[in-house]
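The values are calculated or read from the model by the stated rules, or taken from the named source; none is laboratory data. Quick caveat, the model's predicted, so the values are computed rather than measured. Using ideal geometry, Cβ is built from the backbone for each residue, glycine included, and neighbour counts are taken over all protein chains shown. Just so you know, the surface numbers come from the protein's heavy atoms only, side chains and all, with ligands and any DNA or RNA stripped out. Shrake-Rupley method; radii C 1.70, N 1.55, O 1.52, S 1.80 Å.
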Amino acid sequence: MTKHIFITGGVVSSLGKGLTAASLGMLLEARGLAVRMQKLDPYLNIDPGTMSPYQHGEVYVLDDGSETDLDLGHYERFTKSPLSHNSSWTTGKIYRNVLRRERQGKYLGKTVQVIPHITNEIKRAIKSLRSKDADIVISEIGGTVGDIESLPFLESIRQFALDTGRENCLYVHLTLVPYLKASAELKTKPTQHSVGRLREIGIQPDILICRTEMPMSDAERSKIGLFCNLDIRNVIEEPDAEFSIYEVPIMLHKRGFDQRVIDFFWNKTGGLPMQLLQPPDLTDWSEILDRLKNPKGSVRIAVVGKYAKHKDAYKSIYESLDHAGIKNNVKIKVTGIPSDELDLAKLGGMDGVLVPGGFGDRGIEGKIETVRYVRENKIPFFGICLGMQCAVIEFARNVCGLDSAHSMEFTPATPYPVITLMDEQRNITDKGGTMRLGSQPAVLTADSTACHCYGKSEITERHRHRFELNNEYREMLQKSGLHIAAASPDGKLVEIVEIPEHPWFVGVQFHPEFKSQPTNPHPLFDGFIAAAVKHRK
Ligand code: GLN
């Protein structure tokens, strides 16, 4: 019988529910359990694909092409849970399904209502992850308890225990326990109120995770336990990670989180599987932390993009750089440089420069100028998606002499459209989910830097773009020294460009940052950081 864990948040947003959920998933997997993870978001967008990174951070892309919340990135970096469109739900997606069914007459004349039709659809979404190979499904509910939009989700998870048995459903609630400087104490009242709101709608949390800046005493935990109706052992503090988010699972394990989950499910229903008697195996994870804490020097990496000042907009890129830092035993010192305020002097001191993906023309000339600088000054360069397209534009302009070369995305009338739309993309007006999305195969040339990094010539990587390198310019670019290092298996779409004459110059049309894990860094990030280390010497 698949068990369910529901994670809600209270008091304030941005408490790190996603990280806590991912950490719990990782700890349960380390005990030998098969975990599945999903996020239910209360906003109305069908998916985050059309949302600005300013509002919502990066759009995280799955193998199946789903455009999802960045918390799913945490799930993939921390766990082995296979993710698909069933791992990402919003109010918009739930309503779309219900309304579609209503138009098809499937409700047989009934009045369609939030309860039971919307709540049934939410329960269906949660059940979609159950299978005979899944021991535990972790469902994270976005938003904060008390929000109007969250209510149908909370009502659904309340009903869920009625349908599947209370002993099979565990409610985890994450709150903030703020420290008040004036009185030098931690305040538990907001937590009490938040739990009070949950109980009003019929949910008694089983475990409270208290986000704190200061260590909590037993007296404070027992006070919270008393007011919130919980065993003190189920009131668990989660201090801010000092060093890295990868400390969170171990911090939570030390405070008994995974043990309390096991006790809840298997002491109640009996029949404790053998492996659960063992503590989780955290050897790999501890090793990562050791390496993170004891680097041999550092490298300076610039990320030049439109949202360089917004820390969540390139989340997976920053994480992937750190993973490669762990592997290469160096600390990554990242400087985000907004491409519309480019200062070339800053680039001179860098060991590596990365231009990430993006949409829209703000700062585009700054990105192209960045590529020129790193190409001429032989600084390791990694271009991702739009970053790769900028590399092609720069090469066409400054090496092939096509002065006004550009992408059709920014200058449709350019005489040299070196980046262009695929035919089938030309008439699309619907902005959601119409790009080349998700996992696609590519074939690498044997002599390329990329092939050397991957150690193989056939790969699959995740995509999210509309525009492509224009095949009419391929020959000219190649003749001038831009190597086409990979293409789609039919040869039609360019996937990687490189400059063999340069110490490390790789532009990729896909998003490698969505497939990097701390225990298994992406080969191209690994290669890029290794090149930056070499450059530093
Ligand atoms: N805007 C470019 C395109 O649509 C690049 C997209 C990206 O960087 N993800 O092709």
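Given the conditions (1) more than 16 Å from the ligand (Cβ to nearest atom); (2) assigned to a strand (DSSP E or B), and given that Glu461 satisfies all but one, which numbered condition is not satisfied?
With respect to (1) more than 16 Å from the ligand (Cβ to nearest atom); (2) assigned to a strand (DSSP E or B), Glu461 is out only on (1).
Would you mind stating whether Val303 is open to solvent by less than 30 Å² (accessible area, probe 1.4 Å) and within 16 Å of the ligand (Cβ to nearest atom)?
yes
At least 3 residues that are touching a residue at least 24 places away in the same chain (Cβ under 8 Å) and in contact with a strand residue (DSSP E or B) (Cβ under 8 Å, 6 or more places away or on another chain) in each: list the helices (runs of 4 or more DSSP H) lying fully within the range 54-148 that qualify.
The qualifying helices (runs of 4 or more DSSP H) are 71-78, 119-127.
Of all the residues that make up the range 354-377, how many are within 21 Å of Ser480 (Cβ to Cβ), touching a residue at least 40 places away in the same chain (Cβ under 8 Å) and away from the ligand (no atom under 13 Å from the Cβ)?
3
If you go through the range 9-31 one residue at a time, how many are β-branched (Val, Ile, Thr) and either open to solvent by 10 Å² or more (accessible area, probe 1.4 Å) or in a loop (DSSP other than H, G, I, E, B) (or both)?
Of the residues in that region, 2 qualify.
For a quick check of your reading of the model, give me the residue pairs whose first member lies in the range 384-397 and is closer than 15 Å to Pro417 by Cβ and part of a helix (DSSP H, G or I), whose second is open to solvent by 10 Å² or more (accessible area, probe 1.4 Å) and within 11 Å of the ligand (Cβ to nearest atom), with beta-carbon atoms closer than 7 Å and at least 6 apart or on different chains.
Within 7 Å, the pairs are Gln389/Phe467.
Taking Val374 as the residue in question, decide whether it is surrounded by 18 or more Cβ atoms within 10 Å (Cβ to Cβ) and under 27 Å from the mean Cα position of the chain (by Cα).
Spelling it out, it is not the case that Val374 is surrounded by 18 or more Cβ atoms within 10 Å (Cβ to Cβ) and under 27 Å from the mean Cα position of the chain (by Cα).
Output the number of residues of the range 153-177 satisfying the condition of being touching a residue at least 60 places away in the same chain (Cβ under 8 Å) and open to solvent by 30 Å² or more (accessible area, probe 1.4 Å).
2
Name the pairs whose Cβ atoms lie under 7 Å apart, with the first residue in the range 294-318 and closer than 14 Å to Pro338 by Cα, the second crowded, with 24+ Cβ neighbours inside 10 Å and of a type in the set (Ser, Thr, Tyr), and 6 or more positions between them or separate chains?
Short answer, once both residue conditions are applied: Val303/Tyr314; Val304/Ser339; Val304/Thr370; Gly305/Tyr314; Gly305/Ser339; Lys306/Ser339; Tyr307/Tyr314.
For the range 226-253: of the residues being among the β-branched types (Val, Ile, Thr) and assigned to a helix (DSSP H, G or I), which is surrounded by the most Cβ atoms within 10 Å (Cβ to Cβ)?
Among them, the one singled out is Val248.
Give the number of residues within the range 412-423 that are in a loop (DSSP other than H, G, I, E, B) and either at positive phi or more than 13 Å from the ligand (Cβ to nearest atom) (or both).
5
Which residue out of Val330, Val392 is within 16 Å of the ligand (Cβ to nearest atom), over 20 Å from the mean Cα position of the chain (by Cα) and of a type in the set (A, V, I, L, M)?
Testing whether each residue is within 16 Å of the ligand (Cβ to nearest atom), over 20 Å from the mean Cα position of the chain (by Cα) and of a type in the set (A, V, I, L, M) leaves just Val392.
Could you list all residues from the range 180-195 that are out of contact with any Asp or Glu (no Cβ under 6 Å at 6 or more places or on another chain) and either surrounded by fewer than 14 Cβ atoms within 10 Å (Cβ to Cβ) or part of a strand (DSSP E or B) (or both)?
If the condition is that a residue be out of contact with any Asp or Glu (no Cβ under 6 Å at 6 or more places or on another chain) and either surrounded by fewer than 14 Cβ atoms within 10 Å (Cβ to Cβ) or part of a strand (DSSP E or B) (or both), then Leu180, Lys181, Ala182, Ser183, Ala184, Glu185, Lys189 are the ones that fit.
Select from the range 500-530 the residues that are of a type outside the set (A, V, I, L, M) and more than 21 Å from the chain's Cα centre (by Cα) and write down the one among them that is most open to solvent (accessible area, probe 1.4 Å).
Glu501
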